[in-house]
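The values are calculated or read from the model by the stated rules, or taken from the named source; none is laboratory data. The structure presented is a predicted model; accordingly, all values stated were derived computationally and were not measured. Please note: Cβ atoms are built from the backbone with ideal geometry, for glycine as well, and neighbour counts cover all protein chains shown.
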Amino acid sequence: MKFLIILSFFLPHCIFAQKHKEPSEMLGPNPVYIIDSIKLEKSDFLKFDPHTVARLMILDSADAKKRFGPEGTDGAIIAETKNFARKHYIAYFRKKSHAFDSLYMIAKSDSAFQYIINDKVKTKSYEGDLATIDDALFLSLDILTADYLKKKYNINDKSIGILISARRPQDLFNWESKF
């Protein structure tokens, strides 16, 4: 029962490997549990704080077997924490944009950055959305000034805007509101 409660919390933030199946239909009794690329036992997975999770992917048996071999027979639940996702997208954007890399090297953090994906301002729990962007989705990254952030987006508390243009992933839960 605790598993279903945790899973129901995660569902609004999920990426599904299969189209619109209920998690209970996708998983057998002993799925593989992964958090931040580390395999865990179910008991350790259930102890994890769901508020720290940025992305959750549920793989059915076929997809889990491709990824984990016979161990994936009952499917897999793969979670990424906000910190893990942040490291992922920062590294990715640094590789994709010299300007982003330069700003990040000076700032040593992205706390002064306001992320915007396809003109949608990211305010909270955006780490999973940004970490979803890969070479198949990425189109461009532009740096916006503080003045432009104020003028176009009415944002006064950030000094640098990061405008990301990306294709919309069709398998991301509620992608219309995120991208």
Within segment 51-87, count every residue that is within 16 Å of S125 (Cβ to Cβ) and part of a helix (DSSP H, G or I). 7
If I ask for residues that are of a type in the set (S, T, Y) and touching an Asp or Glu at 6+ places or on another chain (Cβ under 9 Å), which ones from segment 25-71 would you list? Y33, S37, S61
Just to check your reading of the model, which residue among S165, S102, S111, S140 is at pLDDT below 95 and surrounded by fewer than 18 Cβ atoms within 10 Å (Cβ to Cβ)? S111
Selection count, segment 121-137, where residues are surrounded by fewer than 16 Cβ atoms within 10 Å (Cβ to Cβ) and out of contact with any helix residue (DSSP H, G or I) (no Cβ under 8 Å at 6 or more places or on another chain): 4
Of the conditions (1) in contact with a strand residue (DSSP E or B) (Cβ under 8 Å, 6 or more places away or on another chain); (2) surrounded by 16 or more Cβ atoms within 10 Å (Cβ to Cβ); (3) more than 28 Å from L163 (Cβ to Cβ); (4) basic (K, R), the single one that K42 does not satisfy is (2)
List the pairs whose first member sits in segment 122-141 and is farther than 16 Å from E80 by Cα, whose second member is outside any helix (DSSP H, G or I) and basic (K, R), and whose Cβ atoms are under 6 Å apart, counting only residues at least 6 apart or on separate chains? L137/R167
